[in-house]
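Following: one structure in structure tokens, then a few remarks.
The values are calculated or read from the model by the stated rules, or taken from the named source; none is laboratory data. Computed from a predicted model, the values in this text were never measured in an experiment. FYI the Cβ positions are ideal-geometry reconstructions off the backbone, even for glycines, and counts take in every protein chain you see. Note: areas computed on protein heavy atoms with side chains; ligands, DNA, RNA excluded. Shrake-Rupley method; radii C 1.70, N 1.55, O 1.52, S 1.80 Å.
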Amino acid sequence: MATKIRLQRGGRKSYAFYRIVIADSRAPRDGRFTEKIGTYNPNTNPATVDLDFDRALYWVEVGAQPTDTVRNILKSEGVYLMKHLRGGVKKGAFDEAAAQAKFEAWKADKQKTNDAIRQKEEQSKKDAAAKELDAEKKVNEAIAKKVAEKKAAQAAAKAEAEAATEETPAEA
């Protein structure tokens, strides 16, 4: 049985959400699968991946072939790095503790990069909101100025009318 690690589409129209599944290569895309090992949401920035790391590593080590997108997801989550490090441990290049230390260092660096991306995104949203607020304040000030000018003109016209009506009875 040729086993593949692939995405199974879910979600609504124009808002895809995927499950990462282990399936027979002959099964349809959204059909029967052997095991669900995670989810992938490409609609967030950066994309959200929830993965059962140990099961993904097991399936990669026993020879399940991932699709291109899933391969990229597994690489970004560190599954292939851990497979590589375990291969080094089996060959005797270093011990399990050194492999785990290398993986933890890589994971910390990856987390720091993701946090920086999220902070940058938040800051850009705050800046955009501040710009919109400033533009709205300017528009509101312009409208308030026009309204004040209109009220002043109406008050002046009313004062002129009252002055004209006061002069007329005084003449009579």
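Roughly how many whole Å is it from the C-alpha centroid of segment 117-170 to that of segment 52-93?
First find each Cα centre; the distance between them is then 63 Å.
Using the heavy atoms of the protein chains alone and a 1.4 angstrom probe, what is the accessible area of segment 1-91 per residue in square angstrom?
Using a 1.4 Å probe on heavy atoms only, each residue of segment 1-91 averages 59 Å².
Around ALA152, with a cut-off of 15 angstrom between Cβ atoms, what is the net charge of the other residues, counting Lys and Arg +1 and Asp and Glu -1?
+3
Report, ordered by chain and residue number, the aspartates and glutamates lying within cross-link reach of LYS146, taken as a straight Cα distance under 18 Å and ignoring same-chain residues fewer than 8 apart.
Counting by Cα, and skipping residues close in sequence, LYS146 has these aspartates and glutamates nearby: GLU136.
Expressed as a rounded percentage, what relative contact order does the chain have, with Cα pairs under 8 Å and six or more residues apart?
13
Once the other residues with Cβ under 15 Å from the Cβ of TRP59 are scored (Lys, Arg +1; Asp, Glu -1), what is the net sum?
Charge balance in the 15 Å sphere: +3.
For the chain, what is the charge dipole size about the Cα centre, in debye to the nearest 20, if Lys and Arg each add +1 at the Cβ and Asp and Glu each add -1 at the Cβ?
Charge dipole, the chain, about its Cα centre: 1540 debye, nearest 20.
As a quick test, which of the pairs LYS36/LYS83; LYS36/LYS90; LYS83/LYS112; LYS126/LYS151; LYS36/LYS107; LYS36/LYS75 have an alpha carbon distance above 25 angstrom in this structure?
Distance filter (> 25 Å) returns LYS36/LYS90; LYS126/LYS151.
Using only C-alpha atoms and all pairs of different ones, pull out the Kirkwood radius for segment 1-72 in Å with one decimal.
After inverting the pairwise mean of 1/r, the radius is 12.4 Å.
Can you give the local net charge around ILE117? Use residues other than it whose beta-carbon is closer than 14 angstrom to its beta-carbon, Lys and Arg +1, Asp and Glu -1.
Around ILE117, the surrounding residues sum to +1.
Please report, as a whole percent, how much of the solvent-accessible surface of the chain comes from carbon and sulfur atoms (probe radius 1.4 Å).
52
Scan the chain and hand back the longest stretch that contains none of the trypsin sites (Lys or Arg not before Pro) lying in DSSP loops with at most 14 other Cβ atoms within 10 Å.
Looking at the chain, 33-172 is the longest stretch - no exposed trypsin sites (Lys or Arg not before Pro) with at most 14 other Cβ atoms within 10 Å.
Can you give the helix-only mean residue ellipticity at 222 nm for the chain, where every DSSP H stretch with n ≥ 4 adds -39500 (n - 2.57) and the sum goes over all residues, rounded to the nearest 500 deg cm²/dmol?
Value at 222 nm, helices only: -22500 deg cm²/dmol.
Hey, of [x] 8, 21, 20, 13, 8, 7, 6, 6, 5, 4, 2, 0; [y] 9, 31, 27, 18, 12, 3, 0; [z] 9, 33, 31, 18, 8, 1, which did the structure itself give for P(r) over Cα pairs in 10 Å bins from 0, in percent when calculated?
Derived directly from the coordinates: [x].
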